[in-house]
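Remarks on the structure that follows.
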Amino acid sequence: MNSIVTEIVGILKSETNIIKRERALAVFFLNLIRNLMALALEQVDQELSESMKNQGYQIEKKNQCSINMAFGEVTYARRRYVKAGTESRYPLDELMGFDKYKHYSVLAVRNILEVSSAATYCNTALAVNCLSGFNISHAQVGNLVKAAGQKIKEQQEADSRYEAQTSKKKVPVLYLEGDGVMIKAPKVG
């Protein structure tokens, strides 16, 4: 802990330009958070190892992966497991909700989508690049928005198929309440 404080004090004393000082501090803290997160992910991956072995999986390989999280890009090592008759798995990625071929965490995507709902893709990319610990292009923002839209559409279609299977109940009287006033709706049909 003392070495971290010493580094911070060094940054505070070395930079005379206020903006450069704050930028150097931001970079230092983001790097610290990313390094701590990588260590934590690797520890969780290690802890998942015993459970996977108990399920009959074997470690196929250990490789590095990078994911853009709300506080920046985190590079971590995780194990890939195999078992005869099943697909290979990355249990750490499953636990964290990281998509197989995506490089953004769920929160990072959520934040990007929230900004993009009120701004152009270019302005969204600018905001993300200025305020987060990673960079994104306007085209990548567009791809994330389209992918999210596709997921929403698939979910709605799945919901509508479920709703079609349920039978509707007919009631003799329907009471509606709004703002403390109750009304009796006339019977329809």
Subset of region 94-119, residues out of contact with any Leu (no Cβ under 9 Å at 6 or more places or on another chain), open to solvent by less than 90 Å² (accessible area, probe 1.4 Å) and over 29 Å from Phe28 (Cα atoms), comes to none
Of (1) within 18 Å of the chain's Cα centre (by Cα); (2) open to solvent by 50 Å² or more (accessible area, probe 1.4 Å); (3) more than 30 Å from Asn129 (Cβ to Cβ), Pro91 fails just (2)
Flagged pairs (Cβ under 9 angstrom, 6 or more apart or on separate chains; first in region 139-168, open to solvent by 80 Å² or more (accessible area, probe 1.4 Å); second modelled with pLDDT under 90 and hydrophobic (A, V, I, L, M, F, W, C)) are none
Residue hits (region 8-25; closer than 26 Å to Thr75 by Cα and open to solvent by less than 50 Å² (accessible area, probe 1.4 Å)) are Ile8, Ile11, Ala24, Leu25
Among Asn68, Asn35, Asn63, the single one that is surrounded by 17 or more Cβ atoms within 10 Å (Cβ to Cβ) and of a type in the set (S, T, N, Q) is Asn68
Per the filter on region 41-60, residues of a type in the set (D, E, K, R) and open to solvent by 40 Å² or more (accessible area, probe 1.4 Å) are Glu42, Glu47, Glu50, Lys53, Glu60
field: Test: residue in region 72-79 that is within 29 Å of Leu25 (Cβ to Cβ), touching a helix residue (DSSP H, G or I) at 6+ places or on another chain (Cβ under 9 Å), free of Cβ contacts under 8 Å to residues at least 60 places away in the same chain and open to solvent by 90 Å² or more (accessible area, probe 1.4 Å)
entry: no
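The values are calculated or read from the model by the stated rules, or taken from the named source; none is laboratory data. Here the structure is a predicted model, which means the values were calculated and not measured. FYI the Cβ positions are ideal-geometry reconstructions off the backbone, even for glycines, and counts take in every protein chain you see. What goes into the accessible areas is simple: the full protein's heavy atoms, side chains included, and nothing from ligands, DNA or RNA. Shrake-Rupley method; radii C 1.70, N 1.55, O 1.52, S 1.80 Å.
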